[in-house]
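Notes to accompany the following structure.
The values are calculated or read from the model by the stated rules, or taken from the named source; none is laboratory data. This is a predicted model, so every value here is computed, not measured. All Cβ positions, glycine included, derive from the backbone under ideal geometry; neighbour counts span all protein chains shown. Side chains are part of the model used for accessible areas, which takes the heavy atoms of the whole protein and leaves out ligands, DNA and RNA. Shrake-Rupley method; radii C 1.70, N 1.55, O 1.52, S 1.80 Å.
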Amino acid sequence: MMSMMKEKNLAISSMFFMLGLCFGSLSSRMATIKGGLALSDGVFGSVLFAMSAGVVLSLPISGWAIAKLGSRVVGVAAILINAMLLLLVPFAATVPQLAALLFFSGFAYSAVNVSNNMQASIAEAVSGKTRLPFFHGIWGVAGFVGAGIGALMIGRDVALPLHFVGIAAVALISALLCRRALFDKPELEQTGRAFAIPDRSLFNYGLIVFCSMACEGIMYDWSVVYFQDVVSVDRKYIGLGFTVFMAAMTIGRLMLNRFVDRIGVRRTLQWGGMLTFIGMTLTTWLPGLVTSIIGFFLVGLGICAIIPLVAGAAARSSSMAPSAAIAAVLTIGFLGTLIGPPLIGFLSETFGLRYAFLVCVALSLGVIYRAGKIPQ
């Protein structure tokens, strides 16, 4: 039994790693893709929105497909499709072609994401132990690896098709090897309604993820600008805050499992909101280099638990199929990533970027408040 669980956990970890590797690799070469088609910032922003639209639109469909076919089938098929789309991206010759490829890439990415979370939730149900934060930490490690490989490829002036062929080959082979080891548990996956309006409990979880993902999206898109314009550090340090934030997210997820098993989901989410509150208050109150590094680190630790814990809790819903419940909660959450970053831009124009970041303080209070609504 122990060796079988190790095999299952390794297969699930590999699926999370492949998803993060493809994501990090694509993200690392976006500037190359933009320059290859000589796109303006506005046009490129519209192209990136197509990818976000694919992610959001995929969520309910992915939840339904998993409830009907199982997460093993959907996850492996989607990672294979995602790898094939990665191969095609360098050959996009027009804006519509690139937008279409990124839309379907986002669609496939989201399907793998929901499938992976379902697999991890089954691992939790079978083992009786918290697993999801660790698996999400593997995704974070893979993102770093993908970005690092991308930086190396750029530094060595390696052509985009050659770079993506290597990443796609690794993803394709790994997915096929993982297929037999992944869980196939129809009795746990294909239960409940595949389509339903989320009940009050799921909607509350969705609001928690909304606050978390809005704050996370703000950190992704604005942390470097914050260090440049507000902290006013030397140019060589402007990416330090984002790096510290991502490192804290990854380390926290890799080490969180035992902590959650000891104090429970509700208190862990409340602590996450509190750490985010302290971190954001510190960096907006005292926006110096050291204080902002500490603040961004605390924000990373605070946010790291929220998405994996809420996804695991949603999978235990009694009103919807587990995969559909995960998809419903993530759909509400992804709205935060669409709303949060643009809101910072609007508020920054009026009040300045330092005070616009107080939105994250409000979002952290939202996490604390909504987590308090979770039954003990």
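In the range 338-356, is there at least one residue being under 18 Å from G279 (Cα atoms) and in contact with an Asp or Glu (Cβ under 7 Å, 6 or more places away or on another chain)?
Scanning the range 338-356 turns up at least one residue that is under 18 Å from G279 (Cα atoms) and in contact with an Asp or Glu (Cβ under 7 Å, 6 or more places away or on another chain).
For the structure I just gave you, tell me whether T191 is modelled with pLDDT under 90 and within 18 Å of G302 (Cβ to Cβ).
Here the answer is no, as T191 does not meet what is asked.
Could you go through the range 138-146 and let me know if any residue there is more than 30 Å from M5 (Cβ to Cβ), open to solvent by less than 20 Å² (accessible area, probe 1.4 Å) and either at pLDDT 90 or above or of a type in the set (S, T, N, Q) (or both).
No, there is no match, as no residue in the range 138-146 is more than 30 Å from M5 (Cβ to Cβ), open to solvent by less than 20 Å² (accessible area, probe 1.4 Å) and either at pLDDT 90 or above or of a type in the set (S, T, N, Q) (or both).
Output the residues belonging to the range 37-61 that are over 30 Å from R72 (Cα atoms) and out of contact with any Leu (no Cβ under 7 Å at 6 or more places or on another chain). Write out each step before concluding.
From the range 37-61, those over 30 Å from R72 (Cα atoms) are 37-47; that's our starting set.
Those that are over 30 Å from R72 (Cα atoms) and out of contact with any Leu (no Cβ under 7 Å at 6 or more places or on another chain): A38, L39, S40, D41, G42, V43, F44, G45, S46.
Do you know which of the residues in the range 151-188 that are in a loop (DSSP other than H, G, I, E, B) and under 30 Å from V329 (Cα atoms) is modelled with the highest pLDDT? Walk me through it before giving the result.
Within the range 151-188, the first condition is being in a loop (DSSP other than H, G, I, E, B), and the residues that meet it are 156-159, 179-185.
This time we only want the ones that are under 30 Å from V329 (Cα atoms), so: 179-185.
Values: R179: 91, R180: 90, A181: 91, L182: 94, F183: 90, D184: 86, K185: 81.
Checked the range 151-188; the qualifying residue modelled with the highest pLDDT is L182.
Any idea which of (1) more than 17 Å from the chain's Cα centre (by Cα); (2) open to solvent by 60 Å² or more (accessible area, probe 1.4 Å); (3) at pLDDT 90 or above is the one Q228 doesn't satisfy?
It fails just one condition, (3).
Quick grid of which residues meet (1) in contact (Cβ under 8 Å) with a residue 60 or more places away in the chain; (2) closer than 17 Å to F16 by Cα; (3) under 21 Å from the mean Cα position of the chain (by Cα); (4) surrounded by fewer than 18 Cβ atoms within 10 Å (Cβ to Cβ):
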residue: L48; (1), (2), (3), (4): no, no, yes, yes
residue: G54; (1), (2), (3), (4): no, no, yes, no
residue: A67; (1), (2), (3), (4): yes, no, no, no
residue: R72; (1), (2), (3), (4): yes, yes, yes, no
residue: A77; (1), (2), (3), (4): no, yes, yes, no
residue: N82; (1), (2), (3), (4): yes, yes, yes, no
residue: L85; (1), (2), (3), (4): no, no, yes, no
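Evaluate the following for S27: is it touching a helix residue (DSSP H, G or I) at 6+ places or on another chain (Cβ under 7 Å), within 29 Å of R253 (Cα to Cα), of a type in the set (S, T, N, Q) and surrounded by fewer than 16 Cβ atoms within 10 Å (Cβ to Cβ)?
yes
Report whether or not E124 is assigned to a helix (DSSP H, G or I), over 30 Å from G288 (Cα atoms) and either acidic (D, E) or in contact with a His (Cβ under 8 Å, 6 or more places away or on another chain) (or both).
yes
Do we have any residue at all in the range 94-107 that's over 30 Å from P342 (Cβ atoms) and at pLDDT 90 or above?
no
Only one of these is over 30 Å from M320 (Cα atoms) and buried (at least 19 other Cβ atoms within 10 Å of the Cβ): S223, S212. Name it.
S223
Does the range 232-255 hold any residues that are buried (at least 24 other Cβ atoms within 10 Å of the Cβ) and touching a Ser or Thr at 6+ places or on another chain (Cβ under 9 Å), and which are they?
The answer is G241, F245.
Of the residues in the range 147-189, how many are among the basic types (K, R) and surrounded by fewer than 12 Cβ atoms within 10 Å (Cβ to Cβ)?
Step one: filter the range 147-189 for residues among the basic types (K, R), giving 156, 179-180, 185.
In the following step, the residues that additionally are surrounded by fewer than 12 Cβ atoms within 10 Å (Cβ to Cβ) were identified as 156, 180.
Of the residues in that region, 2 qualify.
Considering the range 228-246 alone, what residues qualify as being part of a helix (DSSP H, G or I) and more than 28 Å from A142 (Cβ to Cβ)?
Across the range 228-246, the qualifying residues are D229, R235.
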